[in-house]
Amino acid sequence: MFTMFDILKSKRRVKLESLILNRKSFAQTVENLFALSFLVKDGRVIMAVDEKGSHLVSPTNAADAPSVMSGKVAYSHFVFRYDFKDWKLMMDFLAVERS
């Protein structure tokens, strides 16, 4: 989670697939998605969909405890269906980055 949040802090806005995809490991991609779910739940990141339909992830400041306790701020969750076929499609969709 720390590594993922550091990436988001430096880049400010990242496409979901670029953030979670590990081309060598389906299991690691799932773990990355799981870590992202905790960042969303804790209010550390927000996810939005742009006009092209891309899911974007951005860092945000988490709400303080009194705001959560008073009900001014509510935690949120997301449901994301993801399986091996989705992983294969994501690898085809996301271009390989060249260094």
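The values are calculated or read from the model by the stated rules, or taken from the named source; none is laboratory data. Fair warning: this is a prediction, and the values are worked out from it, not measured in the lab. So basically every Cβ, Gly included, is an ideal-geometry build from the backbone, and we count neighbours across all protein chains shown.
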| query | Which residue out of Arg12, Arg23 is at pLDDT 85 or above, loosely packed, with under 14 Cβ neighbours inside 10 Å and touching a helix residue (DSSP H, G or I) at 6+ places or on another chain (Cβ under 8 Å)? | reply | Arg23
| said: Is it the case, given these coordinates, that Val96 is at pLDDT below 90 and either touching a His at 6+ places or on another chain (Cβ under 7 Å) or exposed (fewer than 13 other Cβ atoms within 10 Å of the Cβ) (or both)? | reply: yes
| Scanning for something assigned to a helix (DSSP H, G or I), under 12 Å from the mean Cα position of the chain (by Cα) and either farther than 17 Å from Asp6 by Cα or at pLDDT below 85 (or both), does region 54-71 turn up at least one residue? | no
| Does Ser37 fit the bill of being more than 11 Å from the chain's Cα centre (by Cα) and among the small types (Gly, Ala, Ser)? | no
| said: If I ask for residues that are part of a helix (DSSP H, G or I) and over 8 Å from the mean Cα position of the chain (by Cα), which ones from region 18-31 would you list? | reply: Ser18, Phe26, Ala27, Gln28, Thr29, Val30, Glu31
| query | Scanning region 2-17 for residues that are under 10 Å from the mean Cα position of the chain (by Cα) and of a type outside the set (Lys, Arg), which turns out nearest to Leu94 (Cα to Cα)? | reply | Glu17
